[in-house]
Amino acid sequence: MQATRMARIDSRYVPLLGTIAVFALTAGYGSVAYTGFFSAQVFLNLLIDNAFLCIIGVGMTFVILSGGIDLSVGSVIALTTMVSAALVEHHHWSAWQAIPLVLAIGTAFGALMGWLIQRFRLQPFIVTLAGMFLARGLCYLISIDSISITDATYTAISQARLPLWSGASITVGALIALAMIAVGIWLAHTTEFGRTVYAIGGSEPSALLMGLPVARTTVLVYTFSGFCSALAGVVFTFYMLSGYGLHAVGLELDAIAAVVIGGTLLSGGVGYVFGTLFGVLILGIIQTLIAFDGSLSSWWTRIVIGALLFVFCLLQRAFESRR
Amino acid sequence: MTMQALMRHRLLWPFATLVLLLAVNAVFNPGFWQLQWRDGHLYGSVIDILNRAAPLALVALGMTLVIATRGIDISVGAVVAIAAAVAALMIGGELVVKGGVQTHVSRFPMSVAILAALLVAAGCGLWNGLLVAKVGMQPIIATLILMVAGRGIAQLLTGGQIITVYYAPFFFLGNGFLLGLPFAVFIAAAVWVVLHLLMTRTALGLFIQAIGINPAAARLAGLHERLITICVYTFCGLAAGVAGLVISSNVKSADGNNAGMLMELDAILAVTLGGTALTGGRFSLAGSVLGALIIQTLTSTIYSIGVPPEINMVVKAAVVFVVMLMQSAEFRAAVRGWVVRPAAGGAR
C-alpha cells in the first residue's frame, strides 16, 4: 500500500525532475565546454533576458492546466509596450500613471476573452487567436513605427540593478519574474482558485458536479493570463525601452513550449508552475549555449527547441499511457 | 434537390460576406469590375484577387480536411517556407548565353526540383500525421513542434537570406497565364475539383466526417481511422508545399524568415469563415475557398478604400469574433433570449 502510493507520487514528479535534470545537464555541458560559462552572471542573465517569458509562462501554465490555450500573450505584450510608450512619450503621462492603466487594459482584455470562451462555449484557440489579431492591430492603430522611450523613470528602472554576491547583479524585471513565479506557486497550491483550475483540467464535468465554481474560474484563468501578459509587457518595456507593434512576435509559442518542457500536460490538470520556470531557463540556456559557441546560427535555437518539444511530448505520451 | 438547398444554406453566409465585400469595393473603386485584355491575358482587380488568393485557398483546402478530422495544423506556414526554400535552392538558375542565344540554366531540372519540394512538404505532413495518429499527441502540439523547428529548418536551408531564383520557366507557376487567367488559379481549382470528386464520389468524405464526429466510433465501425488521419495530414503538408511553390514563383525568391508567416492563422480563419466548425465533422471545401477569397478581398478592400493597411488586423479580428459568435449555439440562444425576453416574461 505504502509502496504503491510512493510510486504514484514519484511518477507525478518525474516530468518535473526530468526538466530540472535536462537543465542541469545543459548547464553542466556549457560549463565544461566553454570558458566563462560557469559564472553567476551568466545564469542570472538567463532570468534577466527571459523575465517577460517567465511571467507570461506563469499565466500560460494556469491556462494550460485548465485545459485551454492563450495565443494572445505575445500581442498583448506588444500592445502594452505601445500604449506605455505612446502615453509616456506623446501624452507626457508619468510612468506611475501609465503602468496601472496598461495592467488594467491587459487584465480587461484577458477577462473579455475568458468571458467569451466561457459564456458562449467558444474554442479558446480561436478566441485568443482573434484576440491576438486585435491586440496587434490596435498597436498599429497607435503607430506603425517604433516609439523609443526617453522618460526618466523608465530609463532609471531599466538601468537599476540589485547587486548580489561577487559583482553579479539582477534587474527589476527579473525580480518581478521571480515574484510572479512565487505568486503562481502560491495560487496553484494553496488557494481554492488553484485547486479548481486543476479540477477543471482533470475533468470539467466532474468539477461541475463537485459544485466547484467552474464558470468563474475559467474566466479568471484568462483574466490572470491577461494580467501576466500586461505585466510581462511592462517588464518588456523596461527591457527594450521602446514600444513597437512587432515586439514579441511568436512569443506565445515560446511560452507554450516553455510550459510543455516544464512538464505540464497539454491535456490539462497536471503540471507545476515551478516546472515552467525551468522550461523558460532551458529555452534561455539553449540560446546562451548557441551564443557562446559562436559558430552556430540563431536558427539552430528554433530547431533545438522543436526537438526538445518533440522529446518532451513523447515522454508525456508515455506517462499518459502508463497511467 | 434538398441536398442542394442544404448546400446553399450552409454557404449562404460566407457567400453573402464575399458579395458584400465585393460591393463595397465596387462603390469605393469604380474600376473594380473592369477587366482589360492586354498581351493575351486578362487584367483587373478581380483577377488580381483570384491570383493572390490561390495559395491561401490551397492551404485552406488541406486545412479543411485536417480540421474535419478534429485536428489542426499550425505548421503549414513553416512548410510553405521549407518547400519554397527547397525549390529555390534546387533551381537556383542563371542566364547563360550559348552561341548568341540566351538560355536559362537551372541547377537541377525544374521537374526534379518541384518534385523534391513537394516530397519534402508531404514528408512534413506525414511527420505531423504520424505524431497525431500513431503517437497520439494533441494535433495543436504535434504541429507546434514542426511550426517551431520548421521555421528554423527553412532558415537553415536559406542561410537566413532571401534566395533569388533566376530561372524564367519557374516563374510561370505564380505569374504565368493560361487561357487568359493566372495559372495559380488553375492549380487551386484543380486541387479543389480533385478533392471534391474524392469526397463526393468516394466514401472518403464520409469517413473523414465520421472520424471528426467520433474517432472511437469510427474505429469501431471498421474504419482505418489512423491511416486516414495520416493521409489527411500528409495531404495538408502537400497542399502547403504547392502553395509554397506558387508563392516563391510569384516573388521569384524564397525567404526562409518570412515566407508563409502567420499563414496558418489565415488558413484556419478561411476554413472557419467557410462554415467548417473547429470541432470537426461536417466540412465544406467550397466554403474554405470562399473563405480564402473573403480574406484576400478584405485585404484589397482595405487598400482600395484608403484606410491604412495596418487596420487589416483589427478588421480581421472583428470578422473572426462575429463569425465565431454566429457559429456558437449558446450565442444564438442568448440573442434569441434578448429578443424574445419581453414575451417570455409576459407568459410567465
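Details
- For the stretch B:135-147, filtered to residues that are outside any loop (DSSP other than H, G, I, E, B) and facing chain A (nearest Cβ under 10 Å), the residue that is farthest from B:GLY62 (Cα to Cα) is B:VAL135.
- Leading residue by the ranking (surrounded by the fewest Cβ atoms within 10 Å (Cβ to Cβ)) among those in the stretch A:127-160 that are more than 30 Å from B:LEU273 (Cβ to Cβ) and among the aliphatic types (A, V, I, L, M): A:ALA152
- Output for the stretch B:235-259, where each listed residue is within 14 Å of chain A (Cβ to nearest Cβ) and touching a Ser or Thr at 6+ places or on another chain (Cβ under 6 Å): B:GLY256
- Boolean, A:GLY233 is out of contact with any His (no Cβ under 8 Å at 6 or more places or on another chain) and within 11 Å of chain B (Cβ to nearest Cβ): no
- Failed item, numbered, when B:ALA218 is tested on (1) farther than 29 Å from B:VAL323 by Cα; (2) in contact with a Phe, Trp or Tyr (Cβ under 6 Å, 6 or more places away or on another chain): (2)
- Considered as a group, the residues in the stretch B:260-279 that are within 11 Å of chain A (Cβ to nearest Cβ) and not in a helix (DSSP H, G or I) include one that is farthest from B:VAL322 (Cα to Cα), and that residue is B:MET261.
Residues checked against (1) of a type in the set (Phe, Trp, Tyr); (2) buried (at least 24 other Cβ atoms within 10 Å of the Cβ):
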{"residue": "A:TYR222", "(1), (2)": "yes, yes"}
{"residue": "A:GLY233", "(1), (2)": "no, yes"}
{"residue": "A:LEU246", "(1), (2)": "no, no"}
{"residue": "A:LEU253", "(1), (2)": "no, no"}
{"residue": "A:GLY262", "(1), (2)": "no, yes"}
{"residue": "A:GLY268", "(1), (2)": "no, no"}
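- Condition met for A:ARG302 (among the basic types (Lys, Arg) and either in contact with a His (Cβ under 7 Å, 6 or more places away or on another chain) or closer than 21 Å to B:ALA142 by Cβ (or both)): yes
- In the stretch A:305-319 there is no residue that is more than 13 Å from every other protein chain (Cβ to nearest Cβ) and either in contact (Cβ under 8 Å) with a residue 40 or more places away in the chain or crowded, with 16+ Cβ neighbours inside 10 Å (or both).
- Tally of residues being out of contact with any Phe, Trp or Tyr (no Cβ under 7 Å at 6 or more places or on another chain) and either assigned to a helix (DSSP H, G or I) or on the phi > 0 side of the Ramachandran plot (or both) across the stretch A:30-39: 3
- When the stretch B:150-170 is filtered for residues that are closer than 19 Å to A:ILE303 by Cβ, touching a residue at least 40 places away in the same chain (Cβ under 8 Å) and part of a helix (DSSP H, G or I), the ones remaining, listed by number, are B:GLY150, B:ARG151, B:ILE153, B:ALA154, B:GLN155, B:LEU156, B:LEU157, B:THR158.
- Taken across the stretch B:93-114, residues that are more than 11 Å from every other protein chain (Cβ to nearest Cβ) and at pLDDT 90 or above do not occur at all.
- The condition of being crowded, with 18+ Cβ neighbours inside 10 Å, out of contact with any His (no Cβ under 9 Å at 6 or more places or on another chain) and without any contact (Cβ under 8 Å) to a residue 12 or more places away in the chain does not hold for A:PHE274.
- Note on the stretch B:272-292: residues that are surrounded by fewer than 20 Cβ atoms within 10 Å (Cβ to Cβ) and touching an Asp or Glu at 6+ places or on another chain (Cβ under 9 Å) amount to 0.
- Listing of helices (runs of 4 or more DSSP H) fully contained in the stretch A:168-217 that carry 2 or more residues being buried (at least 17 other Cβ atoms within 10 Å of the Cβ) and modelled with pLDDT of 90 or more: A:172-190, A:192-202
- B:THR202 vs. criteria without any contact (Cβ under 8 Å) to a residue 60 or more places away in the chain, out of contact with any His (no Cβ under 7 Å at 6 or more places or on another chain) and not aliphatic (A, V, I, L, M): yes
- Selection status of B:VAL120, more than 14 Å from chain A (Cβ to nearest Cβ) and either modelled with pLDDT of 85 or more or outside any helix (DSSP H, G or I) (or both): yes
- Subset of the stretch B:155-184 [facing chain A (nearest Cβ under 8 Å) and either under 20 Å from the mean Cα position of the chain (by Cα) or surrounded by 15 or more Cβ atoms within 10 Å (Cβ to Cβ) (or both)]: B:GLN155, B:LEU156
- Count - residues of the stretch A:12-69 that are touching a residue at least 24 places away in the same chain (Cβ under 8 Å) and either among the aromatic types (Phe, Trp, Tyr) or in contact with a Lys or Arg (Cβ under 7 Å, 6 or more places away or on another chain) (or both): 6
- When the stretch A:138-167 is filtered for residues that are at pLDDT below 85 and within 7 Å of chain B (Cβ to nearest Cβ), only A:ILE144 remains.
- Qualifying position, being under 13 Å from the mean Cα position of the chain (by Cα), assigned to a helix (DSSP H, G or I) and either in contact (Cβ under 8 Å) with a residue 24 or more places away in the chain or surrounded by 15 or more Cβ atoms within 10 Å (Cβ to Cβ) (or both), among B:ILE302, B:ILE295: B:ILE295
- Residues that are over 15 Å from A:GLY68 (Cβ atoms), within 10 Å of another protein chain (Cβ to nearest Cβ) and out of contact with any Gly (no Cβ under 9 Å at 6 or more places or on another chain) within the stretch A:98-137 comprise A:PHE133, A:LEU134, listed in sequence order.
- Residue within the stretch B:218-230 that is more than 14 Å from every other protein chain (Cβ to nearest Cβ), in contact with a Cys (Cβ under 6 Å, 6 or more places away or on another chain) and closer than 19 Å to B:GLY129 by Cβ present: no
- Meets criteria (over 14 Å from B:VAL251 (Cβ atoms), within 8 Å of chain A (Cβ to nearest Cβ) and surrounded by fewer than 23 Cβ atoms within 10 Å (Cβ to Cβ)) for B:GLY150: no
The values are calculated or read from the model by the stated rules, or taken from the named source; none is laboratory data. None of these values were measured; they are calculated from a predicted model. Neighbour counts run over all protein chains shown; Cβ positions are idealised from the backbone, glycine included.
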